[in-house]
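A.B. asks: First, the structure itself, so that you have it in front of you.
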């Protein structure tokens with residue numbers, strides 16, 4: 001990342017002022033507080049075709065995220081080996097990654113979709129079985145790290161997606177609760193630096209490491225090893241506040257409405273810890289503005305639907321063997337007061353976030369149905385039967401709903417009527433069956449979808465990252 005591009009990013013941030021609601025496109029999970037998986041309004045293809053495909057042994061749980069003219073995706077390999085790649089949209093099969101990251105810099109796998117702001121990517125790592133996680137801020141152009149927030153402790157992991165607004169980063173950390181850090185300030189050895197200075201210092205350190213490596217190579221030293229990002233300076237962001245540590249369990253993505261942060265917390269039945277509720281916190285201080293009890297765990301997080309906040313619930317987590325008998329619901333609250341406006345039972349777990357568009361709340365469920373409800377009163381507008389369970393959230397773009405099920409089939413559905421437009425089976429089109437956890441991402445008239453075979457009928461089989469468009 002050049003210093004000039006970083007300064008441009010910081011100027012954009014300064015323009016946000018102190019308003020927490022000023023979220024850039026893809027500065028939060030699924031692109032916006034409405035969780036549509038699309039920010040440009042352009043629908044996908046009328047006649048879908050594979051533009052390119054990446055076949056892999058990695059498993060993709062997080063939603064792919066557009067980064068300018070590229071797509072970011074994080075994967076989990078054998079023995080939970082972490083990976084992160086940036087692939088250009090304009091590519092041929094197989095696309096060549098702009099950059100890739102793994103060990104030794106990335107030590108834990110990530111299921112967190114990054115927040116994108118200017119030339120910065122912010123994402124968390126760590127899974128449920130890990131003790132501790134790290135919040136990363138890296139350059140989108142070069143992938144070079146700028147700062148890291150290390151959060152140790154049992155049941156602490158940064159699985160959800162962060163939101164960046166007003167120059168702050170808001171994130172959930174499992175048993176760490178919710179916290180806020182400065183985006184554009186970092187510390188090293190007790191001194192504070194702005195990110196432009198951090199970038200310069202990291203560049204200087206990299207040149208120093210390269211020089212030492214070349215010197216050792218010239219001496220034919222057997223221990224001459226090329227430098228890597230783990231050897232760069234370890235800057236840490238300045239923490240503003242942290243709430244709910246040891247009391248909540250925040251794995252779902254945080255959202256923002258006005259000056260309030262929407263923090264979903266779950267109760268872990270096995271460990272008997274956490275709380276099943278939605279908290280609205282004041283963004284500046286982390287103080288509780290209101291709290292709402294929930295019937296089921298809110299793994300998908302909250303969606304902003306005009307003056308409402310809509311929370312999906314599920315009696316199960318992302319476990320294929322628990323699909324039978326799963327239950328769920330949707331609950332709508334007044335965004336300012338937390339007053340419950342309506343609640344709808346669903347005969348299946350609603351694991352993914354719901355999408356809000358044109359007055360409708362769209363959700364997927366483990367009973368194989370896609371449903372649309374009127375946001376105003378919760379009355380159902382339509383139902384689409386895919387006949388295969390869903391884990392992944394829907395996307396909405398240009399009046400079309402896109403939903404990918406656990407067979408790896410992408411369904412295009414008319415938003416107004418619920419009628420099918422087309423279905424696209426990855427098992428047939430790219431000869432790689434797999435389950436979709438992260439949902440379809442729609443950008444520039446193209447769809448990007450990735451599969452995961454950590455469990456289920458094709459466990460440990462080949463996975464794919466696919467770009468779908470018009471030939």
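A.B. asks: Can you confirm whether residue 86 is closer than 21 Å to residue 301 by Cβ and either touching a strand residue (DSSP E or B) at 6+ places or on another chain (Cβ under 8 Å) or buried (at least 21 other Cβ atoms within 10 Å of the Cβ) (or both)?
C.D. replies: So residue 86 fails the test.
A.B. asks: What's the number of the condition residue 438 fails, among (1) touching a helix residue (DSSP H, G or I) at 6+ places or on another chain (Cβ under 8 Å); (2) closer than 23 Å to residue 89 by Cα; (3) at pLDDT 95 or above; (4) part of a loop (DSSP other than H, G, I, E, B)?
C.D. replies: Only one criterion in (1) touching a helix residue (DSSP H, G or I) at 6+ places or on another chain (Cβ under 8 Å); (2) closer than 23 Å to residue 89 by Cα; (3) at pLDDT 95 or above; (4) part of a loop (DSSP other than H, G, I, E, B) is unmet by residue 438, namely (1).
A.B. asks: Out of the residues in the range 325-337 that are over 12 Å from residue 311 (Cα atoms) and modelled with pLDDT of 95 or more, which is surrounded by the most Cβ atoms within 10 Å (Cβ to Cβ)?
C.D. replies: Narrowing the range 325-337 to residues over 12 Å from residue 311 (Cα atoms): 325-327, 336-337.
Restricting the remaining residues to those that are modelled with pLDDT of 95 or more gives 326-327, 336-337.
Details: 326: 22, 327: 19, 336: 14, 337: 11.
Top of the filtered list is 326.
A.B. asks: Next question, about the same structure. Go over the candidates 291, 270 one by one and state the one that is at pLDDT below 95 and at negative phi.
C.D. replies: Matching residue, one of 291, 270: 270.
A.B. asks: Condition first: surrounded by fewer than 17 Cβ atoms within 10 Å (Cβ to Cβ) and over 24 Å from residue 63 (Cα atoms). Can you find one or more residues in the range 308-322 that meet it?
C.D. replies: Checked against the condition, which is being surrounded by fewer than 17 Cβ atoms within 10 Å (Cβ to Cβ) and over 24 Å from residue 63 (Cα atoms), the range 308-322 yields no hits at all.
A.B. asks: Okay, moving on. Looking at (1) surrounded by fewer than 20 Cβ atoms within 10 Å (Cβ to Cβ); (2) free of Cβ contacts under 8 Å to residues at least 60 places away in the same chain, which one does residue 112 not meet, given that it meets all the others?
C.D. replies: (1)
A.B. asks: While we're looking at this one, here's another question. May I ask you to say which residue of 22, 78, 90 is under 14 Å from residue 117 (Cβ atoms) and at pLDDT below 95? Reasoning before the result, please.
C.D. replies: On the way: 78 fails: under 14 Å from residue 117 (Cβ atoms); 90 fails: under 14 Å from residue 117 (Cβ atoms).
From the options 22, 78, 90, the qualifying one is 22.
A.B. asks: Pick out the one residue from 106, 135, 121, 146 that is in contact with a helix residue (DSSP H, G or I) (Cβ under 7 Å, 6 or more places away or on another chain) and at pLDDT 95 or above. Before the answer, list the steps.
C.D. replies: Numbers: 106 fails: in contact with a helix residue (DSSP H, G or I) (Cβ under 7 Å, 6 or more places away or on another chain); 135 fails: in contact with a helix residue (DSSP H, G or I) (Cβ under 7 Å, 6 or more places away or on another chain); 121 fails: in contact with a helix residue (DSSP H, G or I) (Cβ under 7 Å, 6 or more places away or on another chain).
Of the residues listed, the single one that is in contact with a helix residue (DSSP H, G or I) (Cβ under 7 Å, 6 or more places away or on another chain) and at pLDDT 95 or above is 146.
A.B. asks: Restricted to the range 442-456, and to residues that are in contact with a helix residue (DSSP H, G or I) (Cβ under 8 Å, 6 or more places away or on another chain) and more than 17 Å from residue 47 (Cα to Cα), which residue is surrounded by the most Cβ atoms within 10 Å (Cβ to Cβ)? Full working, then the answer.
C.D. replies: Filtering the range 442-456 for residues in contact with a helix residue (DSSP H, G or I) (Cβ under 8 Å, 6 or more places away or on another chain) gives 449, 451, 455-456.
Among the residues that remain, those that are also more than 17 Å from residue 47 (Cα to Cα) are: 451, 455-456.
Numbers: 451: 29, 455: 16, 456: 19.
The residue in question is 451.
A.B. asks: Looking only at the range 285-317, which residues are in contact (Cβ under 8 Å) with a residue 60 or more places away in the chain, farther than 24 Å from residue 156 by Cβ and assigned to a loop (DSSP other than H, G, I, E, B)?
C.D. replies: Listed by number, the list holds a single entry, 306.
A.B. asks: In the range 220-249, which residue that is surrounded by fewer than 14 Cβ atoms within 10 Å (Cβ to Cβ) and touching a helix residue (DSSP H, G or I) at 6+ places or on another chain (Cβ under 8 Å) is modelled with the lowest pLDDT?
C.D. replies: Checked the range 220-249; the qualifying residue modelled with the lowest pLDDT is 223.
The values are calculated or read from the model by the stated rules, or taken from the named source; none is laboratory data. The structure presented is a predicted model; accordingly, all values stated were derived computationally and were not measured. Heads up, the Cβs are rebuilt from the backbone with ideal geometry, glycines too, and the neighbour counts pull from every protein chain shown.
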